[in-house]
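As structure tokens, the structure follows; a few thoughts come after it.
Derivation of every value follows stated rules applied to the coordinates shown; laboratory data play no part. For clarity, every value in this text was computed on a predicted model and none was experimentally measured. Every residue, glycine among them, receives a Cβ derived from its backbone with ideal geometry; neighbour counts consider all protein chains shown.
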Amino acid sequence: MTSTWTPSTWRDLPIKHQPTWPDAGELDQALKLLGQMPPLVFAGEARNLTDQLARVARGEAFLLQAGDCAESFDSSADSIRDKLRVILQMAVVLTYSGGLPVVKVGRIAGQFAKPRSSPVETKGDIELPSFLGQIVNDIGFTESERRPDAQRLLTAYHRAASTLNLLRAFTRGGYADLSQISTWNREFVASSPAGERYEKMADEIDRALTFMDACGVNSSTVPALHEVDFFTSHEALLLNYEEALTREDSLTGDWYDCSAHMLWIGERTRPTRRRPCRVPSRREEPARLQGRPDGDSGRGARPVRSAQPREDPRPPDTHHPARCRQRARQPAAASRRRS
């Protein structure tokens, strides 16, 4: 990264999967309003996640990321709660089985954009813009529904804010209490084909909790049994939206994209030799490069390095489970605002 970098550097670089906004004035007004909104997440939370991902890279913890391919604006409180519950259920089983803490990251509170292989969709003789997620247009196949609407950027912000508010209440207000999660596991496996195996594990967890309680270790004495850290993530597709929500941390002077705790670059938009990852190179929160399941994880090394030009004393967070995933520190770009 050269010294000529500015918050709007990404605008001079080749980018993909950006909508063709029909009204530039409406878009500018929406982005201006977004730039005046409070941050959705905070720099300290992102630093906490970065430290936890460093533990994952060292083999001292396990990373669990789960959620929707594309969120809907119609998500209800019940559906948000149920998604969180499934992630917490998975985490407690992984923790008990693997003996390692689990870093919990949801694809939630911001996963409203959707990359498409083609900018248009054709049905019969009708050709319309592709559905790019509810942050851009609607899934209905009419001209008005597929017209990109900049007001949806503001709707996405408010939907993300309300979802984050609910997630924080659930994870800090007792809903994530470990004894409650054990009960959920029992309810979940009642109708599962592998019910006996999972019920046995739930019984073992219950016995362990009972023993710990007898020793005076319970949710009243150990906060970690009563509440959890839960982080949000989404794919960084709409760069003007991400720019509008990037802030300069008032404590460190570092840049943070305050739309999520962690962003990622997908397979369709990942950097290459010809198209290096310049946009993410100045923000400080975690970032991830995601590839195809059959992809070569080595292809991601160069883009990750270009997204992380400065030295970081923590080991790189590289993970290759079912999908090729490589993580680095997060994208940069936006106006100079303080969180």
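Here is how the numbers come out for the structure above:
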read-out	value
Under-5 Å amide H pairs with residue 112, H placed in peptide plane, nonlocal only	71
Additional length obtainable on full extension of the chain from residue 179 to residue 58, 0.36 nm per residue less Cα span	40.6 nm
Cα gyration tensor category, rounded, prolate or oblate, for region 72-137 with a/c compared to 1.5	prolate
Fewest-first sequence of 143, 227, 71, 204 by Cβ atoms within 10 Å of each Cβ	143, 204, 227, 71
Fewest-first sequence of 234, 158, 17 by Cβ atoms within 10 Å of each Cβ	158, 17, 234
Stokes-Einstein translational diffusion, region 1-144 - Kirkwood Rh over all Cα pairs, 0.692 mPa s, 37 °C, in µm²/s	172
For region 56-93 versus region 128-162, the gap between their alpha-carbon centres in whole angstrom	24
Per-residue ³J(HN,Hα) for region 218-230, Karplus 6.51 cos²θ - 1.76 cosθ + 1.60, θ = phi - 60°, Hz, x for Gly and Pro	8, 5, 7, 9, 10, x, 4, 7, 9, 9, 9, 7, 9
Dipole axis of region 22-100 (+1 Lys, Arg; -1 Asp, Glu on Cβ), positive-most option in 46, 92, 27	92
Inter-site label distance for residue 220 and residue 120 at 7 Å from Cα along Cβ, in nm	6.8
Proximal lysines to residue 104, defined as alpha-carbon separation beneath 22 angstrom and excluding residues fewer than eight positions away on the same chain	83
Sorted by Cβ neighbour density within 10 Å, fewest at the top, the residues 231, 141	141, 231
